[in-house]
Structures are given as structure tokens and as C-alpha cells.
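Data block below; observations after.
What follows is calculated from the coordinates using simple rules that are stated; it is not laboratory data. All figures in this text were calculated on a predicted structure; none of them were measured in a lab. Positions of Cβ are generated from backbone atoms using ideal geometry, with glycine treated the same way; all protein chains shown enter the neighbour counts.
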Amino acid sequence: MNKLFFLLICLFSFEVLSKKLPEIFLDPSYVFEPEENIKYPYNTGLWGSIETHDRIHQKSYALRYDNFITLNSEYSLRFEKRQGDCGKADCDRKSKKYIGRSEIILSNEQLNTNWYNWNFYFDNSSDMPKNNDFIHVGQFKMNLEHEHKTRYLLTDKKIDKYNEICPEMNLYFSIRSNGMLVTRQGVTSCENDFNKLVIDKDNLKGKWHNIILNINWTDQDDGFIKLWINNKLFLDHKGKTISKIIKNNSNNYYAPKFRIGLYGQGEIGDQILHLDNIYAAKECKKIKLNINCEEIISQSNVYKISSIKALSSEQMKIRKYYLSFIVKKISKKFNKSENEIENWIDITTDHLPWVEEFDKITSRKEMSKLEKFLLDEAKREFEN
């Protein structure tokens, strides 16, 4: 009886290996080669097999199977990239500073409506990027051949080898100085179509996060992207999700390919990322986790993190400098502590589009208007 109980606990605690993991992959000195099938031992649904990126850096710690930090499976995928690590052509991209990656690519591409799920754990030891540097930790991206055939729709500029002019990044997750953002670029314009903070820096590290996506991949207006993070709806975007659907030389349609792991640019230091529960399906209920599909689908209110928290560390410094003069004036006028006034101003100005219109808001003209607005509000708030 006790043996049976123990077996049941094991079955429900871990996802059962669908195929045996090669022993050599458990050797900490093993180095995964570029474009190598990692023989992922769990079912990924529609995503199929997984292979390494052709520019994964060639250190033994780049990619490992790890049984120390896991969620539902016996092994998680552990990615690590240290400052200066790069592989193949990434090392030759002199226009970019410290560009490198430890990424995997999911083999199968999808069009139309699909559901996607994964869990990630950003290690406490990881460094956060500074200024405009970044670490991409998940990218739905079109094939470069597709971009060569469609960029004329968005730009008359000639695209280069890596299409840095106008890449079609249908959806990507990036860690920046203020946390993790979800962004889209190159679908309706070469600029970002949206760029939203979804996990602030104070809540990012040292815990497992769940990502659920429901996407209709199409070049028509009935497209959509819905994103839930830790069971909260963070994005409900409507409109085309691919700039234009066309066929490749094999007469098959191009579709976004998903890559995930660590891809960094700039002086970003060192990072460690773990992944688990990587799965794609046509229906939510086929994602084999404890997900209440009815509950998440019924959500209509999009969760929003404070717009001030979405600012970069450099923007926060600039904002604090300009507001310090207003803080001192209001503090003196109404006999309140500067700390109290700072907190009050944060709440009172959180409705402003700080991220989208930062330069405009911090201009001399707009700051004068903001000062008048805050003085009027302070009079109503603090005068008895």
C-alpha cells in the first residue's frame, strides 16, 4: 500500500519522461553544439522537437538539464550566459556590443489560433541590464527570407544581413532595467506596436512565473494576442499578428518560429534562466497543467503595472530630478515631509503616459503645466 501511494505521488509531482534522456546530456562538461537536437524528454505538443540556436555560445554552462531547480518535471532546462559569451557570427557583429546567446528553437511553426504555455525562473544571481541594454527571453520571430520579401510594405530602406532596420518580431519578451516587458515590432510599422511592462523588477527574480498565450496568427484584422502571466490577463491586443502571409520556396506558408532562452546585448553581466512545461496546443484544455481555462478566458480586465514602475532606471533619475523642485515647493507650502509629498505625487501622476511620452512630459513646457496641476491638487488635498 505504501509503495503504491509513493508511486502515485511521483506520478502527480513530476511529468513522466516520455523518452529516456541520453546520459551524456547529464554530464556537466557536455557542450551542446549549434543546431543540435537536445532530445527534450517531455511532450511539447504542437511545438515538436527542440534544437539549439546556430549561434549558441560554446561553454559547457550554456545549456544543461537541471534537477535542482524544477517545477513539475524531473528536469528543467537551465540556460546561462556570462558577459562576453558569444557564438559564431554573433562574435563578428561589431556594430553590437557584447551580443551573445544561449537559446533553443522549437521546430514547428503555426498559423491560425493556438495556445502556448511555459514556466520560467530567473535566478536571483542574475544581473539586470542597465540603460537601453536588454536580454530577450522568448521570441516569436519571422524567417529572414520572409522579411526580405515583405519589408517593402513597411520601409523603402534596404535591409541588411540581420535586418536590423525593420525586423518582424511578432511578439517577444525582454528583460530590461525595470523588469520584463512584452513587445511587438515590424508587423504594422518598423517601430514598436506595443511595449508593456508585465513583471516589475522587484517581482522578477527567484520565483517561477507562468506564461499562457492565446494567439491568432493572421495578416487580417481578426487577429489577436492574449497574454496571461501567473493567471492574470496582461495583454488583450486585437489586429493583424503577421505583416503578410506568403509562401516560401517549398510552397509552404511562412509562420513565426519560437525561440527561447537568453539572448543579450550590451553590458548586461551574467544571467541564469530555467524553463519548464513548454507546450503548444490548439485548445487551452489540452495544456496538461493545473490551468482553469474557463476562469482565465472569462477575464476581461487587463492588469496594469504602475506606469512609473515601467520607467527605466535612467528615466527614473531624470523624473526624480525634475519633480524634486515641485516636491520642495509643495512640502514647504503645506508643511508636509518631502517623502510624503513624493509618495503623493507618484499616486497623483500615475495616470500619465510616462513610458510612451516621457520626453514630452519632462519638457520644460509640460513640467510647468504639471507643476500648476500638482499645486492645485495639493491645495485641495492638504488645505483644511
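Cα gyration tensor of region 307-366, axes a ≥ b ≥ c as square roots of the eigenvalues: rounded (a/c below 1.5), prolate (a/b > b/c) or oblate?
prolate
For region 227-237, just list the computed ³J(HN,Hα) in residue order, Karplus coefficients 6.51, -1.76 and 1.60, θ = phi - 60°, integers in Hz, with x standing in for Gly and Pro.
After applying 6.51 cos²θ - 1.76 cosθ + 1.60, I find 10, 10, 10, 6, 6, 10, 6, 10, 8, 9, 9 Hz.
Tell me the label only: which of [x] 0.98; [y] 1.11; [z] 2.90 is Cα Rg over 2.2 N^0.38 Å as calculated from this structure?
[y]
Check which residues have an amide H placed less than 5 Å from Gly45's amide H, if you skip close sequence neighbours.
Sorted by chain and number, the residues that satisfy this are Ala280.
Given H placed on each backbone N at 1.01 Å, which residues far from Thr113 in sequence or on other chains put an amide H within less than 5 Å of it?
Residues meeting the criterion, in which the H sits 1.01 Å from N, are Trp217.
Can you give the local net charge around Pro129? Use residues other than it whose beta-carbon is closer than 9 angstrom to its beta-carbon, Lys and Arg +1, Asp and Glu -1.
After counting each charged neighbour, the total is -1.
On a 0 to 90 degree scale, rounded to 10, what angle separates helix 364-382 from the longest Cα axis of the chain?
So the helix axis and the longest Cα principal axis differ by about 70 degrees.
In whole Hz and in residue order, list the ³J(HN,Hα) couplings for region 52-68 that follow from phi through the Karplus curve 6.51 cos²θ - 1.76 cosθ + 1.60, θ = phi - 60°; x for Gly and Pro.
In residue order, the calculated couplings are 6, 5, 6, 10, 4, 5, 9, 10, 5, 8, 4, 8, 9, 8, 10, 10, 9 Hz.
Within 10 Å of each candidate Cβ there may be at most 14 other Cβ atoms; applying that plus a DSSP loop requirement, which trypsin sites (Lys or Arg not before Pro) in region 120-173 survive?
Filter output for region 120-173: Lys157, Lys158, Lys161.
Ignoring GluC sites (Glu not before Pro) that are buried or in helix or strand per DSSP, and keeping those with at most 11 other beta carbon atoms within 10 Å, what is the longest stretch of the chain between them?
Here the longest run is 1-163.
Apply the Karplus parameterisation 6.51 cos²θ - 1.76 cosθ + 1.60, with θ equal to phi minus 60°, to every residue of region 295-302 and state each ³J(HN,Hα) to the nearest whole Hz, in sequence, with x for glycine and proline.
5, 6, 5, 6, 5, 10, 7, 7
Distance in nm between label sites at Asn301 and Thr348, each 7 Å beyond Cα in the beta-carbon direction?
2.6
Going by amide H atoms built from the backbone, whose H comes under 5 Å of the H on Ile199, apart from near neighbours?
Hits under the 5 Å cutoff: Met180.
Post the alpha-carbon centroid distance, region 24-82 to region 178-212, in whole angstrom.
Region 24-82 and region 178-212 have Cα centres spaced 24 Å from each other.
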